[in-house]
1. Hey, can you tell me all the residues within the range 137-153 that are part of a loop (DSSP other than H, G, I, E, B) and either of a type in the set (S, T, N, Q) or modelled with pLDDT under 95 (or both)?
2. List the residue pairs whose Cβ atoms are under 6 Å apart, where the first residue sits in the range 263-292 and is closer than 10 Å to Y167 by Cα, the second is among the polar types (S, T, N, Q) and at pLDDT 95 or above, and the two are 6 or more positions apart or on different chains.
3. How many residues does the range 29-49 hold that are over 18 Å from V121 (Cα atoms) and acidic (D, E)?
4. Tell me, please, whether a residue that is crowded, with 17+ Cβ neighbours inside 10 Å and among the charged types (D, E, K, R) can be found in the range 118-141.
5. Has the range 70-79 got at least one residue that is part of a loop (DSSP other than H, G, I, E, B) and either closer than 30 Å to T250 by Cβ or modelled with pLDDT of 95 or more (or both)?
6. Restricting to the range 44-64, name every residue that is at pLDDT below 95 and over 28 Å from E295 (Cβ atoms).
7. Report, by residue number, each residue of the range 57-95 that is within 14 Å of R107 (Cα to Cα) and either of a type in the set (A, V, I, L, M) or touching a residue at least 60 places away in the same chain (Cβ under 8 Å) (or both).
8. Which residues, taken from the range 67-81, are farther than 17 Å from R122 by Cα and either surrounded by 15 or more Cβ atoms within 10 Å (Cβ to Cβ) or outside the structural domain of P117 (by TED's automatic domain parsing) (or both)?
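The values are calculated or read from the model by the stated rules, or taken from the named source; none is laboratory data. Quick caveat: nothing in here was measured; it's all calculated off a predicted structure. All Cβ positions, even for glycine, are placed from backbone atoms using ideal geometry, and neighbour counts span all protein chains on display.
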Amino acid sequence: MPARRVTATIALAALASLLAVNAARADGPAISTPGTPTVVVNEPHQLTLNWTPSTWVEPGTEQPINYEVQVPLGPNTYRFLGSTTDTTITLTDLAPGTTYRIGIAARALGGYSDTSPTTTVRTAAGRATVSYLNLDWSPTNNQIQHLLKVTNTGTAPLDLSTVQVRYHLRFEGGNTSLVPHCDWAALGCDRIRQTVQFFVPPGGPPGGPSGGPPGAMTTPAPPYPAPGTPVPGWVELTFTDGTLAPGQSTGPIQLRHHRHSWSDIDERDDPSWLAATGQWTENDRITLDVDGVREFGDTYS
């Protein structure tokens with residue numbers, strides 16, 4: 001066979017092989033799915049995980065593989081916790097006593113993998129936890145009603161004056177009116193303070209009183225945020241005094257909140273809301289800080 005024909009045949013074979021590889025990769029991920037993450041160490045503010053490594057589906061074109069640690073939040077939506085080129089990682093700055101659903105995805109130059117099956121893990125408790133009992137079986141009436149209880153899960157006395165408990169909610173329609181009440185508490189409502197905090201998005205829509213040059217004709221700005229826009233916020237609970245010994249709790253604190261107008265409140269989109277079950281639960285969507293350090297709960301877990 002002439003040399004040119006042999007060369008052409010080899011070139012065509014190489015091209016066909018390359019096209020076959022690309023076609024195979026176009027049909028699916030070029031990197032195999034990592035193994036399900038396994039918890040090696042579980043501490044109040046950190047987790048150590050490991051997993052089985054990924055491999056390239058088609059050998060011969062390997063690039064270094066990077067692993068991303070993710071918390072799935074919804075369709076194609078993830079919270080990023082960390083990355084590594086190893087198959088072991090220690091995640092820090094996690095909230096104690098909080099449930100995380102964690103998966104691993106592999107990424108590299110020229111390839112990716114599907115996300116691994118998730119592992120659900122609750123981090124070890126910190127210095128305190130919050131228990132929750134929803135008293136309101138109707139989440140769309142005109143009041144928010146629940147019991148809270150703080151427990152010292154540390155090894156030293158807990159000064160309640162250093163504790164901040166936040167019940168996270170969303171004010172639908174931009175209506176930030178809320179009147180907090182303490183109806184009853186084992187340690188006395190007079191030792192409890194409640195503060196309502198909300199975070200209206202900055203700025204405003206164009207065309208408002210300050211939306212044009214000096215002297216320009218302007219139209220009144222519509223209400224902002226626009227009706228239907230939820231405003232995030234919380235009800236913060238603090239204590240004037242008191243000390244809990246290790247293992248001791250505050251006992252039940254019965255709380256009730258309503259709007260000034262007594263209009264209906266839809267609690268179902270509130271991050272800290274859980275449907276009523278008649279049972280106490282450690283609700284890790286309620287956050288607790290001690291001296292400004294998160295010791296329980298994470299609204300983005």
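1. Going through the range 137-153, the residues part of a loop (DSSP other than H, G, I, E, B) turn out to be 137-143, 153.
Matches in the range 137-153: S138, T140, N141, N142, Q143, T153.
2. R285/S272; I286/S272
3. Qualifying residue count for the region: 0.
4. yes
5. Here is the first cut: in the range 70-79, the residues part of a loop (DSSP other than H, G, I, E, B) are 75-76.
Of the ones still in play, those that are also either closer than 30 Å to T250 by Cβ or modelled with pLDDT of 95 or more (or both) are none.
Checked against the condition, which is being part of a loop (DSSP other than H, G, I, E, B) and either closer than 30 Å to T250 by Cβ or modelled with pLDDT of 95 or more (or both), the range 70-79 yields no hits at all.
6. Here is the first cut: in the range 44-64, the ones at pLDDT below 95 are 44-46, 55-64.
Within the range 44-64, T55, W56, V57, E58, P59, G60, T61, E62, Q63, P64 qualify.
7. If the condition is that a residue be within 14 Å of R107 (Cα to Cα) and either of a type in the set (A, V, I, L, M) or touching a residue at least 60 places away in the same chain (Cβ under 8 Å) (or both), then V57, I65, V69 are the ones that fit.
8. Within the range 67-81, the first condition is being farther than 17 Å from R122 by Cα, and the residues that meet it are 67-68, 74-78, 80.
The answer is Y67, E68, Y78.
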